[in-house]
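One structure is given below, encoded as structure tokens.
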Amino acid sequence: MSRTEDEVLDVIEKRRRRPHFKVMDEHITLAHGAGGRSSHVLIETLFGRAFDNPLLAPMADAATVDVKGGRLAFSTDSFVVRPLVFPGGDIGELAVNGTVNDLAMAGARPLALSAAFVLEEGFPVKDLARIAESMAAAAAAAGVPIATGDTKVVERGNADGLYICTSGVGLVRDDANLAAERMQPGDKVLVSGTMGDHGMAIMIARGDLELEVDLRSDTAPLNELVEQLLDAGGDAIRCLRDPTRGGLATVLNELAMTAEVGVVIDEEAVPLRPETNGACEILGIDPLHVANEGKLVAVVAPEAAEELLAVLRAHPLGLESAIVGGVNAEPPGMVLLDTAFGGSRVVDMLAGDPLPRIC
Amino acid sequence: MKFVDEFRSAEVAKKLTAEIEALVEPGRHYKFMEVCGGHTHTIYKHGIEDVLPPEIELVHGPGCPVCVIPMGRQDDAIAIAEQPNVIFTTFGDMMRVPASHGSLLDAKARGADVRMVYSPLDALRIARENPDREVVFFAIGFETTAPSTALTLLRAEAEGIENFSVFANHVTIIPAIRAILDSPDLRLDGFIGPGHVSTVIGTRPYNWIARDYRHPVVVSGFEPLDILQGVYLIMRQLREGKAEVENQYTRVVTEAGNPLALQAIAKTMELRTTFEWRGLGFISQSALKLRPEYAAWDAEVRHEIPSVRVADPKACQCGEVLKGVIKPWECKVFGTACTPDRPIGTCMVSSEGACAAYYNYGRLSRRRDREAVS
């Protein structure tokens, strides 16, 4: 009755890709917010079921709604990052860029944003003013107005300074045909720069680690970069994602599972800042699991890969872009990595919660 | 990252692999145990099994500090954490270890003040900043981490910090290796000796393995080339009919270890008569507790704890995995009922656990992978 290793692996694969039916945990833990598998299960089983509708079903960064004369992209995101100000940005800039990027990944030009604030009693007004200014600057840089908003205040102790929620609408370009299902064996996987800088910068900025590393968040609006990519690539671009919480590993796993394809990445090709890599090495965290706030992942047709790489590299936000891997038919739903050492390994979604409250 | 890249060169690996292959005796199968969980992690993370000849099998050993803590101790930890006024500090991995009623992460969600720290000194800092709270540090680990606990105790003493205590679960590596060698289920040809532990205890404590059991021991570093060179040195000893303790990790390990670290441990801690290890049962003189002089900082003295021995979940075969008797995938619940998201056993929790390392990195079919390539 003993099974072979391959038989066991087949059983595990089937189990891993089986839809989840309920959240097994009794309480919400920080892992449910870390963007890895626990978040995935919570969203899929609890919210997905409660809100079930065809617009939500693709579970993309932004939903698209058909309206007269076009398609609207609609997205929302809340920000609970600690600390509120960190090297490379602050919660306000992050909140604007996060939603702009979610819209951009749907191939949409952002039209307007909303901003809702939950403020803690006692929060300094001058800090709030500074955050509002940085939101205004970020919105101007992305070319989108913050058109509406809301403010609530809670008693001291009920929020950690402030939380911000932004939503946005955008108009999807007619020539954008972006869907994970369009990925095919042979396609190439591109990233627009170094991975893991945002998550690590926040970890370091928190000061709990007593590590002194010069790292800045990569928070940036990607709409212009996406615009140029779509201008050059059009239909050759199968799908776009921004690898935020859970990092590149989680995004590629989601894509591989949706498209029923395998993804192979070349470890040596993944751009990493030495500071990020070093900090990850010390903390035992895989940089592929660490969040980015100003990078995109593009899966593109093989014949267009080099040209689109050049387009990305020509933009100031894509200078360190690279082709990091490709799409295979086998093994479906899995992401593998060819190690620099000459071996191979699995790259899975993040399990557990090494990095809470990074955005 | 220069300081590690030179230990990850595929080119050097190819040369070493060729030399290892040349040492393989036709028809012979080799089983080497890497004692340390850090090695297990490196082996899977870099795909080292892919570059080794098929005759060489690496067996994962008991050197994962999170893995060896029995469920009863985890229950005790949670019981302390749930006492009023306690701030319970722990390394991240221990937060997810399942106990009888959920993990520390669940206890935190229920309201316990559980905080993740990266060093016991962080816990001491929290104690300093919260003088009206009781701060407890969940100390785990082999001789690698015991010195930092010891130094923290010495500092707490020097500063007179009274609201800090240590829940000591430090274990020692030698009795665990002896338990494995005396277990009848496993035939081994050599050991990749633990690197970090040996920076503290040195290489001398392994001499009996070579002398009495005639097994080569090569203390190795944690980069992929370190491990490959460790394997090479074991193979060379076997080929030459030798059984010696060798040191591959000379850049940090010496024969005598680190006397200052050993002194700090000896000053603050002493051997327990016996200690329960997950899956391995009670092993005499295999763990450390605080000396009576440090009772004021001993969580087991200061706090009421249940100290109930709890059997491991029936389905869980962490014990066999820790002894190297079965491979992770041979456990009946591996990857199905027991996954990194919902672990049943400790080996699935820690990144150094054999099950977690295999699930997260190694879970790919070599057969299928080869077919896809061809």
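For this structure, a couple of remarks:
- Of all residues making up the range B:311-331, the number that are more than 9 Å from chain A (Cβ to nearest Cβ), more than 29 Å from A:Ala34 (Cβ to Cβ) and part of a loop (DSSP other than H, G, I, E, B): 5
- No other residue among A:Ser217, A:Ser167 is at pLDDT 95 or above and in the same structural domain as A:Cys280 (by TED's automatic domain parsing) apart from A:Ser217.
- Checking each residue in the range A:98-122 for being surrounded by fewer than 16 Cβ atoms within 10 Å (Cβ to Cβ) and either touching an Asp or Glu at 6+ places or on another chain (Cβ under 8 Å) or of a type in the set (Phe, Trp, Tyr) (or both) picks out only A:Glu121.
- Among the conditions (1) surrounded by 21 or more Cβ atoms within 10 Å (Cβ to Cβ); (2) free of Cβ contacts under 8 Å to residues at least 12 places away in the same chain, the only one that B:Pro70 does not satisfy is (2).
- Considering the range A:189-227, the residues that are of a type in the set (A, V, I, L, M) and within 15 Å of A:Arg241 (Cα to Cα) include one that is nearest to the other protein chains (Cβ to nearest Cβ), namely A:Met195.
- Condition met for A:Ala249 (of a type in the set (A, V, I, L, M, F, W, C), touching a helix residue (DSSP H, G or I) at 6+ places or on another chain (Cβ under 9 Å) and in a loop (DSSP other than H, G, I, E, B)): no
- Selection within the range A:92-124 - at negative phi and without any contact (Cβ under 8 Å) to a residue 60 or more places away in the chain: A:Ala112, A:Leu113, A:Ser114, A:Ala115, A:Ala116, A:Phe117, A:Val118, A:Leu119, A:Glu120, A:Glu121, A:Phe123, A:Pro124
- Residues that are surrounded by 13 or more Cβ atoms within 10 Å (Cβ to Cβ) and outside any strand (DSSP E or B), drawn from the range B:281-292: B:Gln285, B:Ser286, B:Arg291
- Strands (runs of 3 or more DSSP E) within the range B:178-280 that include 2 or more residues under 30 Å from B:Ala296 (Cα atoms): B:269-271, B:274-277
- Applying the criterion of being within 19 Å of the chain's Cα centre (by Cα) and basic (Lys, Arg) to the residues of the range A:179-223, the residue that is surrounded by the fewest Cβ atoms within 10 Å (Cβ to Cβ) is A:Arg216.
- Verdict on B:Cys347 being touching a residue at least 12 places away in the same chain (Cβ under 8 Å), within 12 Å of another protein chain (Cβ to nearest Cβ) and among the hydrophobic types (A, V, I, L, M, F, W, C): no
- Taken over the range A:35-58, residues that are within 11 Å of chain B (Cβ to nearest Cβ) and over 20 Å from A:Thr258 (Cβ atoms) amount to 0.
- Within the range B:83-112, considering residues that are within 14 Å of chain A (Cβ to nearest Cβ) and part of a loop (DSSP other than H, G, I, E, B), the one nearest to B:Val308 (Cα to Cα): B:His101
- Contact map, the range B:350-362: first residue farther than 12 Å from B:His60 by Cβ and within 9 Å of chain A (Cβ to nearest Cβ), second residue part of a helix (DSSP H, G or I) and not aliphatic (A, V, I, L, M), Cβ cut-off under 6 Å, separation 6 or more or different chains; pairs are B:Ser351/B:His41; B:Tyr361/B:Tyr44; B:Tyr361/B:Lys45.
- Residue within the range A:310-323 that is hydroxyl-bearing (Ser, Thr, Tyr), more than 14 Å from chain B (Cβ to nearest Cβ) and not in a helix (DSSP H, G or I) present: yes
- Considering residues of the range A:258-296 that are among the aliphatic types (A, V, I, L, M), assigned to a helix (DSSP H, G or I) and surrounded by 19 or more Cβ atoms within 10 Å (Cβ to Cβ) only, the residue farthest from the other protein chains (Cβ to nearest Cβ): A:Ala259
- A:Phe21 being away from chain B (no Cβ under 14 Å) and of a type in the set (Phe, Trp, Tyr): no
- Matching residues, the range B:94-118, being in contact with an Asp or Glu (Cβ under 8 Å, 6 or more places away or on another chain) and among the hydroxyl-bearing types (Ser, Thr, Tyr): B:Ser100, B:Tyr118
- Taking (1) of a type in the set (S, T, N, Q); (2) modelled with pLDDT under 95; (3) under 15 Å from the mean Cα position of the chain (by Cα) in turn, B:Ser183 satisfies each apart from (3).
The values are calculated or read from the model by the stated rules, or taken from the named source; none is laboratory data. Please read these numbers as outputs of a predicted model, since none were measured by experiment. FYI the Cβ positions are ideal-geometry reconstructions off the backbone, even for glycines, and counts take in every protein chain you see.
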